[in-house]
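The values are calculated or read from the model by the stated rules, or taken from the named source; none is laboratory data. In this text the structure is predicted, and so the values were computed from the model without any measurement. So basically every Cβ, Gly included, is an ideal-geometry build from the backbone, and we count neighbours across all protein chains shown. Only protein heavy atoms, including side chains, enter the accessible area calculation; ligands, DNA and RNA are left aside. Shrake-Rupley method; radii C 1.70, N 1.55, O 1.52, S 1.80 Å.
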Amino acid sequence: MPDNVRALAEAARARGIRPLFDDKDRAETFSVRFDGMVFDYSKTHLDAKARTAMTGWATAAGVEDRRAAMFAGAPINETEGRAVLHTALRNLSGGPVEVEGRDVMPGVRDTLTRMQAFAEEVRAGRFEGAGGTITDVVNIGIGGSHLGPEMAVRALSPYHDGPRCHFIANVDGADAADVLKGLDPGRTLVIVASKSFTTIETMTNAATVRDWMADTVTEPVAQFVALSSALERTAEFGIPEARVFGFEDWVGGRYSIWGPIGLSLMLAIGPERFTELLQGGEAMDRHFRAAPMAENMPVMLALTGLWHHQVLGFPTRAVLPYDQRLARLPAYLQQLEMESNGKRVTMEGEALAVASGPVVWGAPGTNGQHAFYQLIHQGTQVVPCEFMVAAQGHEPELAHHHRLLVANCLAQSEALMRGRTPDEARALMAEAGYEGAELERQAAHRVFPGDRPSVTLAYDRLTPRRLGQIVALYEHRVFVEGVILGINSFDQWGVELGKKLADDMAELLAGAAPVEGKDGSTRALLEFMRKTAR
Ligand code: F6P
């Protein structure tokens, strides 16, 4: 971390946030507006000098060059030797995008056209199951092949006019059993979403759902489609090429909602609305590429994130959408941010000198207020909060609900910053009739330290376009943070070891041979499971 950033952080910590609002223009100058959205980071410790130091850090780390390299299709995922081009999937205005000298856009457009045609067929009832029109879609996939579509289908429920969508992710049979209960196999379309088409959870669930369907449907696989980049494996499963929507290895799983992995969303809201989502993402790409650092929404979101985590040392960040339909956004962002930036070595393989990406967590407001906000307001660790809120809901007849929702969101960020001083707490207790030592004791519990940072992303309405902007905003935030940390945000080696051990463990669980080569705890647990399962 640059020395000037470190020095400015010390001063900022000592000063706090509240005095910064002596500057009457602060809310204006410490926010970024773009296309129906405002990102307000004025309730943070950043002042003009610190912001300049942070943007300087970003420039020195090569964010601009790396950004150009990503959009140009250079293999910036160096540990896997791959380009990173999820942006090509939303490049609707259509300039060429080359990977190793080949324009990938004709392929992207062709797949999108095929998806649109298929979605129309299903939605119009021309593609039928053995029992007639498709009423339900089951997406089988996990991680990036699940979290994005599930989050987006829920987020855009006011636009949902296609078949009902369900998601099976967990290898826990309870997931499949609960989803399949009540579905008509003859009118269900099954999407097997897996970039690799080897993920054990997905392949196990796909086989289970095929068996479930085979009980009543003569040709179950005729109601299956595959979303994958592994065409040989989809063929082995028996899904004909016409019902496979492929993508290339330059689309990372957690960045894949924009292409075939978004098929369940397209079936739900229709191709036109899906295109609006892409347009939102593309608009954010253009902004990200063109806006100067301090006026660049993804850059400033990233820099406030780094400021809180790396510079001020706050270990987690809470994502708090005051938007019930974004209930799955925190889970989506957990994968996006923690799988991308939870790395321990730099791109060169050197130990990371700073902390890796923070723990990301959260839940929608106002529910969270009645659960964990106690800690956020009065706990001893500071949790930077990222609020999100729409000015308009989708239910005009429930506008009074929406006013309360917005009021709560704004009140929380105000309370976090303002706090309540000991004197204010004492006055409150005196008013309630307390005196002396008891007044002091009671007042202490009612003090709020304040000066707790938050940022707010406010937007007009959660439309497909805005959702596209929000998702692309967070993708680019992860990218910028990753470049500054010097890590590869696009691989995920940390998930491999557990997967490998689980394969061995499954064999041990199934067998009866003495358990060897395991630590005492694992051996005892295995033996308990074997004994108790039978
Ligand atoms: O285990 C991690 C992971 O590889 C994620 O990165 C990915 O989104 C998920 O598994 C699912 O992978 P696939 O789409 O290949 O089934």
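List of remarks:
- Residues of segment 414-447 classified as surrounded by 14 or more Cβ atoms within 10 Å (Cβ to Cβ) and either among the acidic types (Asp, Glu) or within 31 Å of the chain's Cα centre (by Cα) (or both), total: 7
- Reported count of residues in segment 203-220, each being outside any loop (DSSP other than H, G, I, E, B), among the aliphatic types (A, V, I, L, M) and open to solvent by less than 10 Å² (accessible area, probe 1.4 Å), is 3.
- Boolean, Ala268 is assigned to a helix (DSSP H, G or I) and among the small types (Gly, Ala, Ser): yes
- The residues on offer are Glu496, Glu507, Glu475, Glu527, and the sole one that is modelled with pLDDT of 95 or more, out of contact with any strand residue (DSSP E or B) (no Cβ under 7 Å at 6 or more places or on another chain), in a helix (DSSP H, G or I) and charged (D, E, K, R) is Glu475.
- Where Trp258 falls short, out of the listed (1) farther than 30 Å from Tyr474 by Cβ; (2) modelled with pLDDT of 95 or more: (1)
- In segment 1-41, residue farthest from Glu282 (Cα to Cα) [restricted to those that are touching a strand residue (DSSP E or B) at 6+ places or on another chain (Cβ under 9 Å) and free of Cβ contacts under 8 Å to residues at least 24 places away in the same chain]: Ala27
- Within segment 173-199, residues that are open to solvent by 30 Å² or more (accessible area, probe 1.4 Å) sit with their Cβ atoms under 7 Å from residues that are aliphatic (A, V, I, L, M) and part of a loop (DSSP other than H, G, I, E, B), at 6+ positions apart or across chains, in these pairs: Asp175/Ala169; Arg187/Ile134; Ser196/Ala230; Thr199/Ile142.
- Output for segment 135-180, where each listed residue is within 18 Å of Phe224 (Cβ to Cβ), within 16 Å of the ligand (Cβ to nearest atom) and in a loop (DSSP other than H, G, I, E, B): Gly141, Ile142, His146, Ala169
- Segments classed as strands (runs of 3 or more DSSP E), wholly inside segment 316-397, with at least 1 members that are surrounded by 18 or more Cβ atoms within 10 Å (Cβ to Cβ) and acidic (Asp, Glu): 385-390
- The one condition in (1) assigned to a helix (DSSP H, G or I); (2) more than 14 Å from the ligand (Cβ to nearest atom) that Val225 fails to fulfil: (1)
- Looking only at residues in segment 181-202 that are under 14 Å from Phe224 (Cα atoms) and assigned to a helix (DSSP H, G or I), the one that is nearest to the ligand (Cβ to nearest atom) is Thr202.
- Checking each residue in segment 104-143 for being small (Gly, Ala, Ser), under 29 Å from Arg325 (Cα atoms) and open to solvent by 10 Å² or more (accessible area, probe 1.4 Å) picks out Ala117, Ala124, Gly125, Gly143.
- Unmet requirement for Val478, which otherwise passes all of (1) open to solvent by less than 10 Å² (accessible area, probe 1.4 Å); (2) β-branched (Val, Ile, Thr); (3) away from the ligand (no atom under 16 Å from the Cβ): (3)
Residue-by-condition table, conditions (1) within 16 Å of the ligand (Cβ to nearest atom); (2) open to solvent by less than 10 Å² (accessible area, probe 1.4 Å); (3) under 17 Å from Leu473 (Cα atoms); (4) touching a Lys or Arg at 6+ places or on another chain (Cβ under 9 Å):
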| residue | (1), (2), (3), (4) |
| --- | --- |
| Ser264 | yes, yes, no, no |
| Gly270 | no, yes, no, yes |
| Glu276 | no, no, yes, yes |
| Gln279 | no, no, yes, yes |
| Arg289 | no, no, yes, yes |
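- Some residue of segment 458-479 being more than 21 Å from the chain's Cα centre (by Cα) and either farther than 30 Å from Ala351 by Cβ or free of Cβ contacts under 8 Å to residues at least 40 places away in the same chain (or both): no
- Count - residues of segment 20-47 that are assigned to a helix (DSSP H, G or I) and either among the aromatic types (Phe, Trp, Tyr) or open to solvent by less than 60 Å² (accessible area, probe 1.4 Å) (or both): 4
- The numbered conditions (1) at pLDDT below 95; (2) within 13 Å of the ligand (Cβ to nearest atom) are all true for Gly252 except (1).
- Selection from segment 57-88 of residues that are aliphatic (A, V, I, L, M) and either assigned to a loop (DSSP other than H, G, I, E, B) or open to solvent by 20 Å² or more (accessible area, probe 1.4 Å) (or both): Ala60, Ala61, Ala68, Ala69, Ala72, Ala74, Ile76, Ala83, Val84, Leu85
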